[in-house]
1. So, in region 60-83, exactly how many residues are hydrophobic (A, V, I, L, M, F, W, C), assigned to a helix (DSSP H, G or I) and in contact (Cβ under 8 Å) with a residue 24 or more places away in the chain?
2. Considering only region 42-59, I want to know if a residue exists there that is among the β-branched types (V, I, T) and part of a helix (DSSP H, G or I).
3. Return yes when A32 is surrounded by fewer than 15 Cβ atoms within 10 Å (Cβ to Cβ), among the small types (G, A, S) and at pLDDT below 90 and no when it is not.
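The values are calculated or read from the model by the stated rules, or taken from the named source; none is laboratory data. Bear in mind that the values here come from a model prediction, so they are computed numbers and not experimental data. Using ideal geometry, Cβ is built from the backbone for each residue, glycine included, and neighbour counts are taken over all protein chains shown.
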Amino acid sequence: MKAYTLCTITLLGCLPGIPAMAQQLPRFNVEATCKEAQPLTPQDTNPYESCMRDETAAERQLRDIWSSTAEGLRTTCAREAQIGGTPSYVDMLTCLQVAQGTTPTVTPRRKPAQ
């Protein structure tokens, strides 16, 4: 009986941390995504660096708004940002901004059609 009580107390003690974990911003491997980046303009001579700069800025913005965004919207946009196998904070931020009716602050990068 003591073991059951101890397990129950331990389990209940962990529950408050579950919502906090669900609210964490997903971790994306943007380095791999940016290695495939294409120039957005003729002046974009280093698309990898431009992409990393955009992804870092988008991740920073997402950290500021993530916990105040509805969970369903976070889930939807996190999934959409991974479509095509190239996860992107820029895509996730754009998704959230469009869904909330605000103007996107960065231009999403897309691979050229093949």
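1. Total meeting the criteria: 5.
2. yes
3. no
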